1. Looking at this structure, is Lys96 at pLDDT below 95, surrounded by fewer than 17 Cβ atoms within 10 Å (Cβ to Cβ) and under 16 Å from Leu6 (Cα atoms)?
2. Somewhere in the stretch 19-34, is a residue open to solvent by less than 50 Å² (accessible area, probe 1.4 Å), on the phi < 0 side of the Ramachandran plot, touching a helix residue (DSSP H, G or I) at 6+ places or on another chain (Cβ under 8 Å) and away from the ligand (no atom under 15 Å from the Cβ)?
3. Output yes when any residue across the stretch 66-84 is over 12 Å from the mean Cα position of the chain (by Cα) and of a type in the set (Val, Ile, Thr), and no when none is.
4. With the checklist (1) at positive phi; (2) open to solvent by less than 20 Å² (accessible area, probe 1.4 Å) in hand, flag the one item Ser82 doesn't pass.
5. Give me the pairs: first residue in the stretch 2-31 and free of Cβ contacts under 8 Å to residues at least 60 places away in the same chain, second residue part of a strand (DSSP E or B) and open to solvent by less than 10 Å² (accessible area, probe 1.4 Å), beta-carbon distance under 6 Å, and six or more apart or on different chains, which are they?
6. Going through the stretch 1-14 one residue at a time, which ones are more than 9 Å from the ligand (Cβ to nearest atom), farther than 14 Å from Glu48 by Cα and of a type in the set (A, V, I, L, M, F, W, C)?
Amino acid sequence: MKNRILVINGPNLQLLGKREPEIYGNETLDDIAAKMQSKANEYGIKLEFFQSCSEGAIAERIGAEVMQNELDGIIINPGAYSHTSIAILDAIKALKIPVIEVHLSNIHAREEFRHQSMTGRGAAGVICGFGSYSYMLALDGMINKIGK
Ligand code: DQA
């Protein structure tokens, strides 16, 4: 057990709090990170946060984790790349640790083009529709999955 979980956020999620608040809420990514870390502390788990708008940078970061093997799991909101990115899916598939995909909104209740998650095919589980609380549920699911 490494007691380390990486939380990856994709494009436009750095805008949380300002971006379409009627869909994504008023909390910032830092607010969400702070809540997650305080829960993780109860389990002696250190969270790391990585945000990028670049598909390549996300694939590279996941690839680096494949090589380093220093994590227990990855929680990821790939944003719009969820619906399109074979590159991120392939990177996820290279991992030997569980990945939980998270979305603030219920992607199934939105536009047709959001209904499919390409990256979700590589995930152990997918959580969507609970706003910022989706991340807390994902963390809970991950803690359960890694047997903490
Ligand atoms: C999102 C849903 C995606 O369709 C969208 O492109 C996002 C955010 C969510 O968290 O609800 O950027 O992943």
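The values are calculated or read from the model by the stated rules, or taken from the named source; none is laboratory data. Owing to the predicted nature of the structure, the values given are computational and were not obtained by experimental measurement. Counting neighbours? That spans all protein chains shown, and the Cβs are built from the backbone with ideal geometry, glycine included. These area figures cover heavy atoms from the full protein model, side chains too; ligands, DNA and RNA do not enter into them. Shrake-Rupley method; radii C 1.70, N 1.55, O 1.52, S 1.80 Å.
1. Numbers: at pLDDT below 95: no; surrounded by fewer than 17 Cβ atoms within 10 Å (Cβ to Cβ): yes; under 16 Å from Leu6 (Cα atoms): yes.
Answer is no for this residue.
2. No.
3. yes
4. All conditions are met except number (1).
5. Between residues of the stretch 2-31 that are free of Cβ contacts under 8 Å to residues at least 60 places away in the same chain and residues that are part of a strand (DSSP E or B) and open to solvent by less than 10 Å² (accessible area, probe 1.4 Å), there is no close pair.
6. Answer for the stretch 1-14, where residues must be more than 9 Å from the ligand (Cβ to nearest atom), farther than 14 Å from Glu48 by Cα and of a type in the set (A, V, I, L, M, F, W, C): just Met1.
Yes/no per residue for (1) open to solvent by 60 Å² or more (accessible area, probe 1.4 Å); (2) within 16 Å of the ligand (Cβ to nearest atom); (3) under 19 Å from Asn3 (Cα atoms); (4) of a type in the set (Val, Ile, Thr):
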position	(1), (2), (3), (4)
Glu42	yes, no, yes, no
Val66	no, no, yes, yes
Ile75	no, yes, yes, yes
Lys145	yes, no, yes, no
